[in-house]
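Undergrad: Shown below is the structure under consideration.
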Amino acid sequence: MPVVPMKEILDRALAERYGVAAFNVVNDLSIEAVLAAAVAERAPVILQTSVKTVKQYGRGRLHDIFQALVRDVDVPVTLHLDHCPDRAVITGCLAGGWNSVLFDAHELDVAENRRQTTEVVAEARRTGAHVEGEIEGIQGVEDDVGSDDASRIQSLEVAVDFIKNTGVDCFAPAIGNAHGQYKQAPTLDAQRVSDLVAATGVPMALHGGTGLSDEQFTDLIARGCAKVNISTALKESFMKSGLEALQDAAERGKWDPPTLFRHQRTALIEMATRHIRLFGGSGRAW
């Protein structure tokens, strides 16, 4: 199946009230493992890249890896640029084949954020791409982007005005969620998701998913969080499984890289499968 626009994936998910897992991949192994899980579950999936990963690989090389690995995949896949405040990186990724971008301008005042996001939406349309927007920072630092300070929550009216006037295809509301692992169970303003979807008809993106309870995920997806970001869980699975394999190699005195890679791949497939099933994405491919 060819790569599918993000809007098509999310509009279907919103209409049928399931969540599409959006995994922040870090290399070719993680891309392949997430795709393997999605194919096995017959689920649509979003592969997300951070600005840090784009710069680490180089935009062209990273997109080439993506294209090579999705070539024979027969479930809907889209490539998304996660939290990016840099307009130059946005422009480069849109020109370089990314299907959607999150223009993260929450540090600007709302009026300037709205103006620039409108420009990014127009730019994305020229390449057939889509845009996720936000006006409030999601607490926590992820891939060197963000802050541990809580962001000011804008009124419902301000958020609705932003969504309608910019033309964003997806919106990331702050509802008490945070990037990284939670130190204690978060108290979420789930009603805000319902209110925004009712007022705009636009899918919501849930950030800071790692550490939420199954019940919180299920409730937020039912309210309209059609895109559910998973970053910390992927990184922890990748690193911890690698550590286990390396510790075992040290104990046995056998240093075989393919064994390390197989161990990491298995852990990532299990992690991705668990989230896809929890979000209701299994069997939703078309």
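Undergrad: Taking the condition of being part of a helix (DSSP H, G or I), open to solvent by 30 Å² or more (accessible area, probe 1.4 Å) and touching a residue at least 12 places away in the same chain (Cβ under 8 Å), how many residues in region 86-98 meet it? Spell out how you get there, then give the answer.
TA: Of the residues in region 86-98, the ones part of a helix (DSSP H, G or I) are 87-95.
Now restrict to residues that are open to solvent by 30 Å² or more (accessible area, probe 1.4 Å): 87-88, 91, 95.
Going one step further and asking which of them are touching a residue at least 12 places away in the same chain (Cβ under 8 Å), we end up with 87, 91, 95.
Qualifying residue count for the region: 3.
Undergrad: Out of all the residues in region 90-133, which are modelled with pLDDT under 95 and within 19 Å of the chain's Cα centre (by Cα)?
TA: 104, 105, 106, listed by residue number.
Undergrad: Ok, one more. Within region 221-268, can you find the residues that are without any contact (Cβ under 8 Å) to a residue 12 or more places away in the chain and of a type in the set (Lys, Arg)?
TA: Hits for region 221-268 are 252, 254, 262.
Undergrad: For region 122-131, give me each residue that is assigned to a helix (DSSP H, G or I) and either aromatic (Phe, Trp, Tyr) or open to solvent by 10 Å² or more (accessible area, probe 1.4 Å) (or both).
TA: Residues of region 122-131 that are assigned to a helix (DSSP H, G or I), as a first pass: 122-125.
Correct list: 122, 123, 125.
Undergrad: Provide a single number: the residues in region 200-236 that are touching a strand residue (DSSP E or B) at 6+ places or on another chain (Cβ under 7 Å), under 16 Å from residue 134 (Cβ atoms) and either hydroxyl-bearing (Ser, Thr, Tyr) or surrounded by fewer than 16 Cβ atoms within 10 Å (Cβ to Cβ) (or both).
TA: Qualifying residue count for the region: 1.
Undergrad: Shifting gears a bit: Test residue 197 against the criterion of being open to solvent by 10 Å² or more (accessible area, probe 1.4 Å) and touching a Pro at 6+ places or on another chain (Cβ under 8 Å), and give yes or no.
TA: Numbers: open to solvent by 10 Å² or more (accessible area, probe 1.4 Å): yes; touching a Pro at 6+ places or on another chain (Cβ under 8 Å): yes.
Yes: the conditions hold for residue 197.
Undergrad: Also, quick follow-up: If I ask for residues that are open to solvent by less than 10 Å² (accessible area, probe 1.4 Å) and in contact with a Ser or Thr (Cβ under 8 Å, 6 or more places away or on another chain), which ones from region 152-165 would you list? First the steps, then the outcome.
TA: Step one: of region 152-165, the residues open to solvent by less than 10 Å² (accessible area, probe 1.4 Å) are 159, 162-163.
Answer for region 152-165, where residues must be open to solvent by less than 10 Å² (accessible area, probe 1.4 Å) and in contact with a Ser or Thr (Cβ under 8 Å, 6 or more places away or on another chain): 162, 163.
Undergrad: Kindly list the number of the only condition in (1) touching a helix residue (DSSP H, G or I) at 6+ places or on another chain (Cβ under 9 Å); (2) part of a helix (DSSP H, G or I); (3) under 22 Å from residue 224 (Cβ atoms); (4) of a type outside the set (Val, Ile, Thr) that fails for residue 55.
TA: (3)
Undergrad: Residue 30: of a type in the set (Gly, Ala, Ser), modelled with pLDDT of 95 or more, open to solvent by less than 60 Å² (accessible area, probe 1.4 Å) and closer than 30 Å to residue 109 by Cα, yes or no? Let's see the steps before the verdict.
TA: Values: of a type in the set (Gly, Ala, Ser): yes; modelled with pLDDT of 95 or more: yes; open to solvent by less than 60 Å² (accessible area, probe 1.4 Å): yes; closer than 30 Å to residue 109 by Cα: no.
No: the conditions fail for residue 30.
Undergrad: Can you name the condition, by its number, that residue 114 falls short on among (1) out of contact with any Phe, Trp or Tyr (no Cβ under 8 Å at 6 or more places or on another chain); (2) open to solvent by 60 Å² or more (accessible area, probe 1.4 Å)?
TA: (1)
Undergrad: Related question: With the structure loaded, tell me whether residue 15 is surrounded by 24 or more Cβ atoms within 10 Å (Cβ to Cβ), out of contact with any His (no Cβ under 7 Å at 6 or more places or on another chain) and farther than 23 Å from residue 127 by Cα or whether it fails that test.
TA: Criteria not met by residue 15.
Undergrad: Listed residues 101, 20; which is in contact with a strand residue (DSSP E or B) (Cβ under 7 Å, 6 or more places away or on another chain), open to solvent by less than 30 Å² (accessible area, probe 1.4 Å) and touching a residue at least 60 places away in the same chain (Cβ under 8 Å)?
TA: After applying the criteria, what remains is 20.
One line per residue, one yes/no per condition, for (1) over 18 Å from residue 277 (Cβ atoms); (2) part of a helix (DSSP H, G or I):
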site	(1), (2)
2	yes, no
22	no, no
26	yes, no
31	yes, yes
36	no, yes
69	yes, yes
75	no, no
81	yes, no
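The values are calculated or read from the model by the stated rules, or taken from the named source; none is laboratory data. Since the structure is predicted, the reported quantities are computational estimates derived from the model, not experimental observations. Positions of Cβ are generated from backbone atoms using ideal geometry, with glycine treated the same way; all protein chains shown enter the neighbour counts. Please note that ligands, DNA and RNA were not included when accessible areas were found on the heavy atoms of the full protein model with its side chains. Shrake-Rupley method; radii C 1.70, N 1.55, O 1.52, S 1.80 Å.
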